[in-house]
Amino acid sequence: MNEEVKGLKKSLVMAIVGIMLFLISATGVTFAWFSLSGRAHTNITPMGGTISEGDTVLQISTSYNGPFDKECNLVINGQGGDLRPVSTLDLEHFYRVIMQDDSGMALLYENADKDVDKDTIHGTVYLKCLNVPCDVYFNRDDLKLGSDIQTLAAMRLGMKITSHAGTTIYVFKLDELGDTALAQQTATVPDDNTVVSSITEKGKATYANDISESILSYMAVPVNNGKEYGAGSNLLVKLDADEVATVEYWLYLEGCDKNCINPVQNRDMDISLAFAGVDVE
């Protein structure tokens, strides 16, 4: 009888060990999106915000009430400094994948709104056109969003700009800021050029067309041998004289992007937001 009990106990132990091994093999997958490790992030150092040189009257601040000047140190919300993959349609809600199959395709998501300041670079700057009205564009010369091609290909710059005309939402692709043709790609969602727009209570995603657009058409054009700036193809915001615009920004890795895969991890980069004011004729 004792031998029988011992045998049963041994069988039970082996069964438990077998279950544990199965769980380990099921959860030890290296995901195509990001491998689940303590280093699954990209380090970002916010440097500052600047406006164009020359006779422009555009000024910048980290406070609505100023002081305003030609440059300021970026102040980011929360802990900041790390980028981890999230997905968003319009900067209203952010989602994080929590389960993928063994090929890396996303299966389930969770809402990441409460952690958005940990997973993205999120902050606010204020722009003011002193004494006269002006149109605002990006200043390409001083805009710094890193140089790593994998990161540029996977990253987005989102902005909500509020002025007298209301609030405009922008989501910019950064591919054209570097030679990203050689960036590695792996599909992690069913269709190309889609992002997560919502999820069910059980974490199933609804996907929508990605609204992100090229950032290059929003750049001011250098004129007079680079001493001044002229209008670009698309302006960011039109400001009245002495009006202050609120520019809330998010720098993040778009998890549904084909380029948002393991090679983008563990990068170090500096960022600087830069704008140019063009006089309204």
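Quick notes on this structure:
- Among (1) open to solvent by 50 Å² or more (accessible area, probe 1.4 Å); (2) closer than 30 Å to Asn65 by Cα; (3) in contact with a helix residue (DSSP H, G or I) (Cβ under 9 Å, 6 or more places away or on another chain), the one test that Leu145 misses: (1)
- Within the range 73-106, the set of residues being of a type in the set (Ser, Thr, Tyr) and within 18 Å of the chain's Cα centre (by Cα) comprises Ser87, Thr88, Tyr95.
- Residues of the range 273-281 include at least one that is farther than 22 Å from Ala187 by Cα, in contact (Cβ under 8 Å) with a residue 12 or more places away in the chain and of a type in the set (D, E, K, R).
- Checked against (1) among the hydrophobic types (A, V, I, L, M, F, W, C); (2) open to solvent by 60 Å² or more (accessible area, probe 1.4 Å); (3) in contact with an Asp or Glu (Cβ under 6 Å, 6 or more places away or on another chain), Val195 passes all but condition (2).
- Count - residues of the range 207-221 that are closer than 21 Å to Pro133 by Cβ and in contact (Cβ under 8 Å) with a residue 40 or more places away in the chain: 3
- Any strands (runs of 3 or more DSSP E) falling wholly within the range 212-269 and containing at least 2 residues that are open to solvent by 40 Å² or more (accessible area, probe 1.4 Å) and of a type in the set (A, V, I, L, M): 221-223
- Subset of the range 69-88 that is in a loop (DSSP other than H, G, I, E, B) and open to solvent by less than 40 Å² (accessible area, probe 1.4 Å) - its residue that is modelled with the highest pLDDT: Thr88
- For Gly178, the conditions (1) within 17 Å of the chain's Cα centre (by Cα); (2) modelled with pLDDT of 95 or more; (3) surrounded by fewer than 19 Cβ atoms within 10 Å (Cβ to Cβ) all hold with the exception of (2).
- Within the range 198-209, none of the residues are closer than 30 Å to Ser63 by Cβ, open to solvent by 30 Å² or more (accessible area, probe 1.4 Å) and either among the hydroxyl-bearing types (Ser, Thr, Tyr) or not in a loop (DSSP other than H, G, I, E, B) (or both).
- Evaluating Gly166 against the criteria (1) in contact with a strand residue (DSSP E or B) (Cβ under 9 Å, 6 or more places away or on another chain); (2) open to solvent by less than 50 Å² (accessible area, probe 1.4 Å); (3) under 28 Å from Tyr64 (Cβ atoms) leaves one unmet condition, (1).
- Total residues in the range 90-106 satisfying the condition of being touching a residue at least 60 places away in the same chain (Cβ under 8 Å) and either in contact with a helix residue (DSSP H, G or I) (Cβ under 7 Å, 6 or more places away or on another chain) or open to solvent by 40 Å² or more (accessible area, probe 1.4 Å) (or both): the figure is 9.
- Condition met for Thr186 (crowded, with 18+ Cβ neighbours inside 10 Å and either basic (Lys, Arg) or touching a residue at least 40 places away in the same chain (Cβ under 8 Å) (or both)): no
- Scanning the range 123-142 for residues that are more than 20 Å from the chain's Cα centre (by Cα), of a type in the set (Val, Ile, Thr) and open to solvent by less than 20 Å² (accessible area, probe 1.4 Å) gives a single hit, Val136.
- Any pair with Cβ under 6 angstrom, 6 or more apart, that starts in the range 129-152 at a residue that is under 17 Å from Val247 (Cα atoms) and ends at one that is of a type in the set (Lys, Arg) and modelled with pLDDT of 90 or more: Asp135/Lys238
The values are calculated or read from the model by the stated rules, or taken from the named source; none is laboratory data. Note that the structure is a prediction, hence the values are computed from the model and not measured. Positions of Cβ are generated from backbone atoms using ideal geometry, with glycine treated the same way; all protein chains shown enter the neighbour counts. Note: areas computed on protein heavy atoms with side chains; ligands, DNA, RNA excluded. Shrake-Rupley method; radii C 1.70, N 1.55, O 1.52, S 1.80 Å.
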